[in-house]
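To start, the structure under review is shown below, and the notes come after it.
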Amino acid sequence: MSSPPAAVAACRLAARRLLDELPDGPVLVGCSGGTDSLALASVVAFEVDKTGRPAGAVVVDHGLQAGSADVAARAADQCRGLGLDPVVVRRVTVDPRHPGGPEDAARDARHTALRAEAERLGAVAVLLAHTRDDQAEQVLLGLARGSGARSLAGMPARRGLLARPFLAVTRADTAAVCTHDRLEPWHDPHNADPAYARVRARGAMSVLEEALGPGTRDALARSADRLRADADALDALAADWLAEHAEHTAPPTTLDRPEPPAHGESATDPGHPQPPPAFTSLPAHDLATLPAAVRTRVLRLAALAAGAPSGALTAAHVLATDRLLTHWRGQGPVSLPGHLAATRSPGRAGRIVIGPLDRVE
Ligand SMILES: Nc1ncnc2c1ncn2[C@@H]1O[C@H](COP(=O)(O)OP(=O)(O)OP(=O)(O)O)[C@@H](O)[C@H]1O
């Protein structure tokens with residue numbers, strides 16, 4: 001038997017390496033029917049055939065385009081044809097009022113469905129087909145937006161149940177797998193629509209590579225790998241500091257709750273989080289002595305602990321809160337998303353307190 005082309009071998013090796021790292025048990029491939037995830041379904045089917053590990057697939061139907069159910073059914077058939085079992089199609093509802101916009105809304109709905117299926121089927125991982133190109137484009141977008149290290153660190157190869165074996169290979173490699181394995185991927189019209197930032201990033205990347213050299217894409221992905229190690233270390237320091245120094249008060253009791261949402265607003269609206277937020281309080285003087293990289297992370301984690309919705313909490317909110325430490329002149333509270341505020345009580349024993357807007361003084 002002749003050996004497969006180098007690109008196919010690289011994709012199979014990437015899948016095998018990831019599968020070898022996982023504990024025993026079934027895996028699921030998140031498959032849209034597009035080039036990358038169909039290639040992943042194919043190489044995973046090839047690899048597990050040799051080891052006997054059970055492998056299935058989940059196809060999420062976002063219901064956002066006409067004919068989406070047909071696209072999902074075709075992707076599911078292709079996965080079954082490759083020998084994956086079970087293969088399930090999950091229809092989801094995408095929140096049109098998601099604070100991060102339609103792309104984030106679809107991703108959140110998809111990830112929730114993928115995790116739910118993994119738990120239902122007892123899978124040890126859900127494999128996603130993001131490639132090195134996706135990683136580089138994400139870094140480019142982060143740079144263009146002035147993001148911090150966490151965002152520039154891109155996507156991790158593993159976090160919780162989600163695993164991304166193809167971060168080691170390119171989009172050209174996955175296309176080669178589809179050609180080699182005679183698979184006909186679905187071409188999502190959204191992937192050519194310049195209304196989407198990630199589509200524009202693809203175009204910008206080609207221009208950059210022409211101007212700066214063909215290694216630019218890979219170099220950006222490498223930067224992500226290096227920054228991830230830094231961001232992980234800083235996040236861990238901040239989490240440890242918070243665990244040691246923060247005081248949390250319980251959410252208000254039923255009798256003591258803020259006003260219910262006004263007519264026409266959903267109770268799950270990010271402006272009205274459920275359950276009601278708690279107070280988080282931190283010693284201002286000690287916090288002020290931390291390096292800015294750790295201090296701002298502590299403030300972000302504290303706001304999240306008090307109930308701020310993560311999609312709406314921006315760097316600007318965190319920096320405004322940080323001014324209560326770096327530019328303290330007795331100023332008033334800083335508004336935070338989720339109807340929260342941060343304030344500082346006066347004096348050397350003063351504390352930064354984050355809690356419901358109408359209760360923080
Ligand atoms: N509808 C879906 N159902 C299941 N998994 C999905 C779906 N859409 C995306 N995924 C998973 O998430 C990964 C990233 O999705 P994204 O849309 O960012 O990538 P993509 O490059 O368009 O991928 P693909 O070429 O496989 O469609 C996919 O590779 C796939 O593993």
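The values are calculated or read from the model by the stated rules, or taken from the named source; none is laboratory data. This one's a predicted model, so the numbers in the text were calculated from it and none came from an experiment. Here the Cβ is made from the backbone with ideal geometry for all residues, glycine too, and neighbour counts use every protein chain on show. For accessibility, only protein heavy atoms count, side chains too; no ligands or nucleic acids. Shrake-Rupley method; radii C 1.70, N 1.55, O 1.52, S 1.80 Å.
Scanning the range 101-148 for residues that are more than 10 Å from the ligand (Cβ to nearest atom), at pLDDT 95 or above and not in a helix (DSSP H, G or I) gives GLY122, ALA123, VAL124, ALA125. When each of ASP240, ASP173, ASP188, ASP218 is tested for being touching a residue at least 24 places away in the same chain (Cβ under 8 Å) and open to solvent by 50 Å² or more (accessible area, probe 1.4 Å), the lone residue that passes is ASP218.
Checking the stated criteria, ARG115 turns out not to satisfy the condition of being open to solvent by 30 Å² or more (accessible area, probe 1.4 Å), free of Cβ contacts under 8 Å to residues at least 24 places away in the same chain and among the basic types (Lys, Arg). Set side by side, the residues GLY33, GLY56, GLY63, GLY25 differ, and just one is within 10 Å of the ligand (Cβ to nearest atom) and not in a helix (DSSP H, G or I), which is GLY33. Being within 11 Å of the ligand (Cβ to nearest atom), part of a loop (DSSP other than H, G, I, E, B) and in contact with an Asp or Glu (Cβ under 8 Å, 6 or more places away or on another chain), is that true of even one residue in the range 88-100? For the range 88-100, residues within 11 Å of the ligand (Cβ to nearest atom), part of a loop (DSSP other than H, G, I, E, B) and in contact with an Asp or Glu (Cβ under 8 Å, 6 or more places away or on another chain): present. For the range 205-215, a tally of residues being over 22 Å from the mean Cα position of the chain (by Cα) and open to solvent by less than 40 Å² (accessible area, probe 1.4 Å) returns 2. The combined condition, being β-branched (Val, Ile, Thr), away from the ligand (no atom under 14 Å from the Cβ) and modelled with pLDDT of 95 or more, is not fulfilled by THR174.
Let's see how each residue does on (1) at pLDDT 95 or above; (2) crowded, with 16+ Cβ neighbours inside 10 Å; (3) among the small types (Gly, Ala, Ser):
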| position | (1), (2), (3) |
| --- | --- |
| SER3 | no, no, yes |
| ALA14 | yes, yes, yes |
| PRO26 | yes, yes, no |
| GLY33 | yes, yes, yes |
| VAL44 | yes, yes, no |
| GLY56 | yes, yes, yes |
| ASP70 | yes, no, no |
| ALA75 | yes, yes, yes |
| LEU84 | yes, yes, no |
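Can you report the number of residues in the range 96-112 which are within 14 Å of ARG198 (Cα to Cα) and either among the basic types (Lys, Arg) or open to solvent by 40 Å² or more (accessible area, probe 1.4 Å) (or both)? Here the count works out to 4.
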